[in-house]
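**Student:** Mind looking over this structure? Questions follow.
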Amino acid sequence: MKKKNRIWIYPLILLGFVLILINSCKNNSIIFNRNLTYGTMSDIDSNTYKTIQIDTQTWMAENLKTTKYRNGDLIGTTTPVTLDISGESTPKYQWAYGGNENNVATYGRLYTWYAANDSCSVCPTGWHVPTDEEWTTLITYLGGESIAGGKLKEKGINHWDSLNTGTTNSSGFTALPGGLRFNFGAFNFFGSTGYWWSSTEYSTNYDAYGLAMYYDGSNVDKSHVYKKAGFSIRCVKD
């Protein structure tokens, strides 16, 4: 009986490894729109990104991952990753979500508005952080704020939480739910919400325009938010 049990155990162990491998691939692989043609571009850290033309604009189809400005200067982070930066005047930082570098390959990094809009430029040469007007151009082309999110988000629930309502990714933009970092240090909404910066200020001291997309709706929520928060970045071509 013992020998027979061993014979059964080995295939089960092998099956377990196969399932782990499948789930690992599922969780890490971004699902782009296979019906569209993507370009590519690279940043100062040699990260390569897919790009997509949507009407007259060309966008990154992945979130920015760089730890350097285009001139090679480092974009700092905090120690610990949950450090409260509320008391800093113009904090320029980037983080992997939750401090976990394994999240970067898929979801990119989170940046304060001050880092996103430093004069050294976080986007590669020929690219820039979009203005609020450029975001509006994209959203208007895709039908407006009430439905554009469905055309921008990655399909399925590989990365978005269950439901991922009204999603087609017909634009190829492939928006992902990278969550955010609050100025006081907490990370939240990973898997449920994606947040992206614009370069446009709402007020000199506090807020700038950004936008959000959610797992349970096809809308895009444009609003002004605290500049010291950590948001994702999508660069647009000059």
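The values are calculated or read from the model by the stated rules, or taken from the named source; none is laboratory data. From a predicted model like this one, the values you see are computed outputs, not experimental measurements. A quick note on method: Cβ atoms are made from the backbone with ideal geometry, for glycine too, and the neighbour counts reach across all protein chains shown.
**Student:** Sort through Ile52, Ile85, Ile44 and tell me the only one that's more than 21 Å from Thr193 (Cα to Cα) and not in a loop (DSSP other than H, G, I, E, B). Spell out how you get there, then give the answer.
**Tutor:** Numbers: Ile85 fails: not in a loop (DSSP other than H, G, I, E, B); Ile44 fails: not in a loop (DSSP other than H, G, I, E, B).
Of Ile52, Ile85, Ile44, the one residue that is more than 21 Å from Thr193 (Cα to Cα) and not in a loop (DSSP other than H, G, I, E, B) is Ile52.
**Student:** If I ask for residues that are under 16 Å from the mean Cα position of the chain (by Cα) and over 12 Å from Ala175 (Cα atoms), which ones from the stretch 200-221 would you list?
**Tutor:** Passing the criteria: Gly210, Asp221.
**Student:** So, in the stretch 204-214, how many residues would count as being farther than 13 Å from Thr131 by Cβ and buried (at least 21 other Cβ atoms within 10 Å of the Cβ)? Working first, answer last.
**Tutor:** Of the residues in the stretch 204-214, the ones farther than 13 Å from Thr131 by Cβ are 204-207, 212-214.
From what's left, buried (at least 21 other Cβ atoms within 10 Å of the Cβ): 213-214.
Adding up the residues that qualify gives 2.
**Student:** Here's a follow-up. Within the stretch 154-238, considering only strands (runs of 3 or more DSSP E) that don't extend past its boundaries, which have at least 3 residues that are of a type in the set (Gly, Ala, Ser)? Give the steps one after another, and end with the answer.
**Tutor:** Details: elements: 193-201, 207-214, 220-226.
Filter on the stretch 154-238 gives 193-201, 207-214.
**Student:** List the residue pairs whose Cβ atoms are under 7 Å apart, where the first residue sits in the stretch 76-88 and is free of Cβ contacts under 8 Å to residues at least 40 places away in the same chain, the second is surrounded by 13 or more Cβ atoms within 10 Å (Cβ to Cβ) and basic (Lys, Arg), and the two are 6 or more positions apart or on different chains.
**Tutor:** Hits for this filter: Gly76/Lys92.
**Student:** If the Cβ limit is 9 Å and pairs must be 6+ apart or interchain, which residue in the stretch 106-133 that is β-branched (Val, Ile, Thr) pairs with which residue that is modelled with pLDDT under 95?
**Tutor:** Thr106/Asn27; Thr106/Asn28; Thr106/Ser29
**Student:** In addition: Being under 11 Å from the mean Cα position of the chain (by Cα), surrounded by 16 or more Cβ atoms within 10 Å (Cβ to Cβ) and assigned by TED's automatic domain parsing to the domain that holds Gly39 narrows it down to one of Gly178, Gly149, so name that one.
**Tutor:** Values: Gly149 fails: under 11 Å from the mean Cα position of the chain (by Cα).
Selected residue: Gly178, the only one of Gly178, Gly149 that is under 11 Å from the mean Cα position of the chain (by Cα), surrounded by 16 or more Cβ atoms within 10 Å (Cβ to Cβ) and assigned by TED's automatic domain parsing to the domain that holds Gly39.
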